[in-house]
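Novice: The structure's right below; bear with me while I get my questions together.
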Amino acid sequence: MTLEFTSTSRPAKLPLEQHGLVLYPPEDGKAATKYVDEALGRGRLVVYVPVNRDNDTLHISEIESEITNYEDNVNRGNLLTLDIRSFYNFLLSGNMEPFEELKELLEEAMRERIASGKKNDEGVTFVSGIAGTLATNQRFEESINAEKWWQKTHLEWLQKGLKVTMICSHPSTIFDKKSQEEQFMNYKRAMLSLHQAILDPSST
């Protein structure tokens with residue numbers, strides 16, 4: 001499988017209507033929010049599930065500072081930020097029902113935007129750190145299951161004519177780890193097969 005490598009330098013280039021994998025180094029906290037900014041600038045609805053960090057207050061403050069016009073976009077309904085912890089715990093327990101509920105809510109939001117006839121609306125961009133956080137914590141099987149669900153859902157949305165771009169952020173330090181352990185190798189192979197493009201911040 002041949003993967004397209006795309007730079008995350010500003011302005012970020014969205015892999016439109018694809019399921020993309022952004023590999024971020026620990027020092028680059030803006031690797032995923034570059035895509036949030038680019039999508040908002042295109043008039044897209046953005047759903048952002050950020051990578052989990054230790055200090056919640058600091059985390060929220062950082063997100064607000066990293067995204068252009070954060071508060072205005074939230075108030076206008078252009079940006080929806082979800083708490084990663086609840087979805088993370090659901091995946092650990094094998095409970096996908098909340099994800100199916102989220103899927104229905106997002107489909108409804110997409111249809112409403114289409115019905116509103118927004119001239120500059122280019123669809124929806126979903127930026128998620130759920131699977132990447134699982135991988136960081138060595139929960140490789142759950143990370144793979146999450147990505148399989150995103151891929152399946154993304155294909156279903158495209159088949160319904162919904163313009164959805166999915167960006168999943170994973171730590172490059174985990175992905176580039178030199179290990180021959182079976183669970184790690186399965187994780188790496190799955191990430192390559194489940195994404196159509198790899199987005200590499202280190203190329204900036």
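Where a number appears in this text, it was derived from the coordinates with a stated rule and is not lab data. Not measured: the values here are computed from a predicted model. Note that each Cβ is placed from the backbone with ideal geometry, even for glycine, and that neighbours are counted across all protein chains shown.
Novice: Among MET110, MET191, which comes first, second and so on when ranked by fewest other beta-carbon atoms within 10 Å?
Specialist: Values: MET110 20, MET191 23.
Sorted ascending by nearby Cβ count, the order is MET110, MET191.
Novice: Further question: Across the range 32-42, in residue order, what do the Karplus-derived ³J(HN,Hα) couplings come to in whole Hz, using 6.51 cos²θ - 1.76 cosθ + 1.60 with θ = phi - 60° and x for Gly and Pro?
Specialist: In residue order, the calculated couplings are 7, 5, 4, 6, 4, 4, 4, 5, 4, x, 8 Hz.
Novice: Provide, as a two-decimal number, the C-alpha radius of gyration of the range 126-179 over 2.2 N^0.38 Å, N being how many residues it has.
Specialist: Scaled against compact globular proteins, the figure is 1.26.
Novice: Moving to a separate point now. With θ set to phi - 60° and the Karplus curve 6.51 cos²θ - 1.76 cosθ + 1.60, what are the ³J(HN,Hα) couplings of the range 91-106 in order, to the nearest whole Hz, using x for Gly and Pro?
Specialist: Coupling constants for the range 91-106: 5, 4, 8, x, 8, 9, 4, x, 5, 5, 5, 4, 4, 5, 5, 5 Hz.
Novice: Could you work out, for the range 78-204, what percent of all Cα-Cα pairs fall into each 10 Å distance bin, beginning at 0 Å and stopping at the bin that holds the largest distance?
Specialist: Taking every Cα pair in the range 78-204, the percentages come to 11, 41, 33, 13, 2, 0.
Novice: Put a dot 7 Å past each Cα toward the Cβ at THR68 and LEU16; how far apart are the dots in nm?
Specialist: Distance between the two pseudo-spin positions: 1.8 nm.
Novice: Expressed in nm to one decimal, what extension gain is obtained for the pair ARG189 and LYS103 from 0.36 nm per residue of sequence separation less their Cα-Cα distance?
Specialist: Working it through step by step, the gained length comes to 28.4 nm.
Novice: Continuing with the same structure: Considering the Cα trace of the range 61-125, what is its radius of gyration and what is Dmax, both in angstroms?
Specialist: Radius of gyration, then largest Cα-Cα span, for the range 61-125: 14.5, 42 Å.
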